[in-house]
Amino acid sequence: MDLPMCDEYLVSRTIYSETTFQQENEKSELLQRSIPQKLKDNCSCTPATARLKIKQFFPVFNWLPKYRWKEWLVHDIISGLCTGLVGTLQGLAFALLAEVPVGYGLYSSFFPILTYFFLGTSRHIAVGPFPVICLMVGQVVLAMAPDEKFIIANSTLNGTQIDYEARDAARVVISSTLSFLIGIIQLALGALQFGFVVRYLGDPLVRGFTTAAAVQVLISQIKLIFNIPSTNYSGVLSMVYTSIDIFANISKTNFADLTAGLITLVLCLVVKDINERYKHIMRIPIPIEVIVAIVATGISYGVNLEETYNAAIVKNVPSGFIPPVAPDVNLFAQMIVPAFSIGILAYALAVSLGKVYAIKYNYEIDGNQEFIAFGVSNIFSGCFSCFCATTALSRSAVQESTGGKTQIAGLITAAVVMISLLSVGTYLEPLQKSVLAAIVISNLKGMFWQVVDVPRLWRQSKWDTAIWLFTCFASLLLDIDLGLLAGIVFGLLTILLRVQYPSYSSLGNVPGTDIYKDIKKYKNVDEPEGIKIIRFSSAIFYGNVDSLKDGIKSIVGFDAVKVFNKRTKAQRKMNKLLKKNELTVTENGVKEDPATDEDSESDEDMENYYRTKRNKANVHDLNTELSNSVSIPVVTIHSIILDFGQVNFLDVVAVDCLKGIFKEFQRIDVDVYIADYDDNVFGQMESCGFFNESIKADLCFLSIHDAVLHIQRQNKRCSEHKVLDMTSYIQESSQLVEMKDLKEVKHSQYQQNQQEEFSEPFDK
């Protein structure tokens with residue numbers, strides 16, 4: 001039977017407070033396992049558990065048995081060949097950023113792929129060097145092995161020169177040791193299930209940081225394109241000093257290198273744009289880096305640019321593999337801080353890109369396993385003189401766009417790089433460094449375009465815009481790892497500020513519904529008479545309890561403590577005037593006699609005094625001005641509802657603060673209720689002793705509408721059974737004063753009689 005479609009629904013149920021709901025709905029008991037039981041369950045090993053653990057640690061055993069050899073192998077081979085050609089040239093180019101000989105870029109493009117094939121969970125990212133990470137590695141290398149440490153005296157030339165061989169050897173040891181330490185950190189974080197740390201590297205922070213890093217890469221490569229002498233700077237303001245150095249030596253530009261670099265840059269940018277525009281037509285993108293490198297190498301070799309025009313060329317590209325070398329553990333203490341930041345960022349970049357492809361191709365990325373995979377890869381490659389590996393956006397885009405299906409494409413890429421190492425590498429020795437620098441700059445195009453994020457972010461979120469800009473400028477002015485740290489701290493600070501100063505609003509009811517919306521944002525909402533509904537949009541803890549109090553005061557329009565104090569003073573003054581017969585009770589209320597005195601009594605013990613009187617008067621009794629000298633503050637509400645729908649956490653300080661708020665308003669006969677709370681929040685209130693004789697669970701309601709209906713029903717009953725009369729209260733107070741005066745008169749007469757009887761014997 002088809003039900004008719006309807007845009008309305010009707011609900012008829014009981015008004016639920018927490019007490020009534022629990023009476024009708026029994027809670028289920030949650031069984032808590034003991035720590036020994038948890039350890040026993042986690043440490044137990046069965047054949048099935050062992051197979052599962054092996055597959056988790058070696059994801060290749062999950063996807064390789066399901067590999068479609070006939071459908072996917074050709075695609076992976078084509079993709080691997082294209083990515084390998086690009087990766088070979090990028091490996092040489094990115095080694096310049098890491099401040100090591102270019103040949104070690106080939107090692108860094110080969111060894112990490114081998115281990116990631118077995119341990120990685122992403123099937124589409126291309127593992128290897130990345131410009132930003134290489135720049136961060138280069139900063140560490142320059143700081144620990146500057147040129148000044150390798151200056152030797154030259155008696156022949158009557159001067160000094162740099163021992164380049166010793167310098168390069170020391171820098172290789174530093175970069176490989178740094179890679180080894182990064183791998184240890186990543187492996188430890190993965191074993192401890194710390195994959196969540198990447199959440200603190202938000203997208204605005206990473207994009208702002210990589211934009212700044214792209215600018216630093218650009219400046220570092222400009223000096224290679226111009227081939228001008230300059231000092232290698234590191235640390236705070238290193239980019240500024242490098243820029244000044246470049247402009248100071250601009251007259252020493254080598255025009256052969258400049259021409260080759262500019263032509264390469266223009267060609268790479270134009271062809272990359274063509275590849276992007278027509279990727280739906282071209283099955284395989286044009287490998288412009290490879291073509292340009294081959295042509296430039298041929299020209300350099302034929303014209304002999306090094307000797308003829310003093311051009312800077314690659315010179316030495318190693319042939320074959322070097323034996324593994326143990327890292328220098330004595331350097332760990334000097335590089336632990338940058339190693340941590342580089343390792344986290346390298347992981348974040350790889351996982352972020354991997355998740356994009358995983359969503360596109362419908363598989364999952366395991367964050368903790370990725371930590372382990374890159375950790376093992378960096379430890380393994382660090383033993384073979386490699387620098388830190390992550391993933392490069394451009395190579396990954398080539399691998400995916402050319403039809404790569406799995407990490408078998410990565411193995412083909414490694415095979416291409418291996419062929420370059422064994423035979424082709426030596427033929428690239430005449431290649432100009434300015435050509436490699438231009439290839440590096442052309443791969444930064446996407447990072448520079450991230451600048452257009454700022455206007456979009458400004459429209460979407462001012463806080464995210466601030467994070468983007470702060471991280472970018474901090475990374476430009478400070479050392480690059482300090483800039484990243486400053487960006488993370490600033491991002492956490494913005495979160496703290498947003499939590500410490502959250503938004504609050506006053507709600508009203510959409511007529512005819514149980515919906516409550518902000519009265520400032522909607523025109524057709526109505527506030528229930530005498531009720532203020534306050535929404536607090538944050539967890540409540542010791543850092544923002546003052547904001548909660550200020551928000552309540554702002555919305556209700558008065559301070560409950562001041563109202564209580566003024567009322568108590570007014571009642572005292574009223575009783576004082578009645579005692580002096582300066583106030584008289586009439587049918588219309590109270591009338592003040594012409595002669596009055598100023599009230600000079602203190603405010604001590606006001607609460608105890610008022611507690612004896614509150615049962616005789618009501619809030620409406622005191623909402624008036626009795627005379628020119630006895631004024632009582634007006635309170636136009638009788639109930640406050642705190643909407644806790646967006647409150648997911650309370651601490652002990654917040655619970656104590658709520659107790660104080662309830663007490664302050666109850667003293668002036670304003671009831672406070674809590675509505676739409678989470679079960680965990682209610683449990684925290686119970687465990688912190690929030691409920692007592694004056695604050696009961698009946699004041700908590702499952703929804704705002706439940707609380708409003710309850711209040712309206714209670715007020716209707718009160719109006720039917722109780723008549724509030726200020727005059728009767730004043731008359732009762734007057735009678736109490738007269739009785740007190742009569743007792744004082746009788747007591748004085750009794751004392752006088754006793755004194756007369758005592759003095760008679762002496763008179764006689």
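The values are calculated or read from the model by the stated rules, or taken from the named source; none is laboratory data. A quick note: this is a predicted structure, and the numbers were derived from the prediction, not measured. Note that we place each Cβ from the backbone using ideal geometry, even for glycine, and neighbour counts take in every protein chain shown. What goes into the accessible areas is simple: the full protein's heavy atoms, side chains included, and nothing from ligands, DNA or RNA. Shrake-Rupley method; radii C 1.70, N 1.55, O 1.52, S 1.80 Å.
Could you pull out the residue among Gln432, Gln450 that is open to solvent by less than 70 Å² (accessible area, probe 1.4 Å), in contact with a strand residue (DSSP E or B) (Cβ under 9 Å, 6 or more places away or on another chain) and among the polar types (S, T, N, Q)? Give the derivation first.
Working: Gln450 fails: in contact with a strand residue (DSSP E or B) (Cβ under 9 Å, 6 or more places away or on another chain).
Answer to the selection: Gln432.
Identify the residue in the stretch 628-685 that is assigned to a loop (DSSP other than H, G, I, E, B) and without any contact (Cβ under 8 Å) to a residue 40 or more places away in the chain and, among all such residues, is least open to solvent (accessible area, probe 1.4 Å).
The first filter runs over the stretch 628-685 and keeps only residues assigned to a loop (DSSP other than H, G, I, E, B), leaving 628-630, 632-638, 644-649, 651, 667-670, 676-678.
Filter once more, so that each one left must be without any contact (Cβ under 8 Å) to a residue 40 or more places away in the chain: 628, 634, 676-678.
Numbers: Asn628: 148, Val634: 87, Asp676: 67, Tyr677: 26, Asp678: 72 Å².
The residue in question is Tyr677.
Considering only the stretch 277-289, state which residues are crowded, with 16+ Cβ neighbours inside 10 Å, among the β-branched types (Val, Ile, Thr) and either touching a residue at least 24 places away in the same chain (Cβ under 8 Å) or farther than 15 Å from Ile263 by Cβ (or both).
Residues of the stretch 277-289 crowded, with 16+ Cβ neighbours inside 10 Å: 285, 287-289.
Narrowing the set further to residues that are among the β-branched types (Val, Ile, Thr) leaves 288.
Correct list: empty.
Would you mind stating whether Tyr116 is under 13 Å from Ala415 (Cα atoms), open to solvent by less than 10 Å² (accessible area, probe 1.4 Å) and not acidic (Asp, Glu)?
Details: under 13 Å from Ala415 (Cα atoms): no; open to solvent by less than 10 Å² (accessible area, probe 1.4 Å): yes; not acidic (Asp, Glu): yes.
No: the conditions fail for Tyr116.
Take the stretch 400-411 and flag every residue that is surrounded by fewer than 22 Cβ atoms within 10 Å (Cβ to Cβ) and part of a helix (DSSP H, G or I).
Ser401, Leu411
Quick check on this structure: which one of Ala397, Ala358 is farther than 28 Å from Arg171 by Cβ, open to solvent by 30 Å² or more (accessible area, probe 1.4 Å) and part of a helix (DSSP H, G or I)?
Numbers: Ala358 fails: open to solvent by 30 Å² or more (accessible area, probe 1.4 Å).
Step by step, each of Ala397, Ala358 is checked, and only Ala397 is farther than 28 Å from Arg171 by Cβ, open to solvent by 30 Å² or more (accessible area, probe 1.4 Å) and part of a helix (DSSP H, G or I).
One line per residue, one yes/no per condition, for (1) more than 26 Å from Ala143 (Cα to Cα); (2) assigned to a helix (DSSP H, G or I); (3) open to solvent by less than 20 Å² (accessible area, probe 1.4 Å):
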residue	(1), (2), (3)
Phe196	yes, yes, no
Gly208	no, yes, yes
Ala213	no, yes, yes
Leu218	no, yes, no
Gln221	no, yes, yes
Leu224	no, yes, no
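Only one residue in Tyr522, Tyr542 is surrounded by fewer than 16 Cβ atoms within 10 Å (Cβ to Cβ) and within 25 Å of Arg667 (Cα to Cα). Which one? Quick ask: steps written out before the conclusion?
On the way: Tyr522 fails: within 25 Å of Arg667 (Cα to Cα).
Result of the check over Tyr522, Tyr542: Tyr542.
Give just the number: which of (1) open to solvent by 30 Å² or more (accessible area, probe 1.4 Å); (2) in contact with a Gly (Cβ under 7 Å, 6 or more places away or on another chain); (3) under 17 Å from Asp671 (Cβ atoms) does Phe558 not satisfy?
Among (1) open to solvent by 30 Å² or more (accessible area, probe 1.4 Å); (2) in contact with a Gly (Cβ under 7 Å, 6 or more places away or on another chain); (3) under 17 Å from Asp671 (Cβ atoms), the lone unmet condition for Phe558 is (2).
Conditions: (1) touching a residue at least 12 places away in the same chain (Cβ under 8 Å); (2) crowded, with 19+ Cβ neighbours inside 10 Å; (3) under 32 Å from the mean Cα position of the chain (by Cα). Gln334 meets all but one. Number of the miss?
Unmet for Gln334, out of (1) touching a residue at least 12 places away in the same chain (Cβ under 8 Å); (2) crowded, with 19+ Cβ neighbours inside 10 Å; (3) under 32 Å from the mean Cα position of the chain (by Cα): (2).
Could you tell me which of the residues Ser238, Ser300, Ser251 is at pLDDT 85 or above, of a type in the set (S, T, N, Q) and surrounded by 15 or more Cβ atoms within 10 Å (Cβ to Cβ)?
Ser300
Take Gly87 and tell me if it is in a helix (DSSP H, G or I), more than 17 Å from Pro338 (Cα to Cα) and in contact with a Lys or Arg (Cβ under 9 Å, 6 or more places away or on another chain). Walk me through it before giving the result.
Working: in a helix (DSSP H, G or I): yes; more than 17 Å from Pro338 (Cα to Cα): yes; in contact with a Lys or Arg (Cβ under 9 Å, 6 or more places away or on another chain): yes.
When the stated conditions are applied, Gly87 passes them.
Please work out if Tyr67 is hydroxyl-bearing (Ser, Thr, Tyr) and open to solvent by 20 Å² or more (accessible area, probe 1.4 Å). Give the steps one after another, and end with the answer.
Working: hydroxyl-bearing (Ser, Thr, Tyr): yes; open to solvent by 20 Å² or more (accessible area, probe 1.4 Å): no.
Judged against the criteria, Tyr67 is not a match.
Hey, among Glu364, Glu307, which residue is within 25 Å of Val424 (Cβ to Cβ) and open to solvent by 70 Å² or more (accessible area, probe 1.4 Å)?
Details: Glu364 fails: within 25 Å of Val424 (Cβ to Cβ).
So the residue among Glu364, Glu307 that is within 25 Å of Val424 (Cβ to Cβ) and open to solvent by 70 Å² or more (accessible area, probe 1.4 Å) is Glu307.
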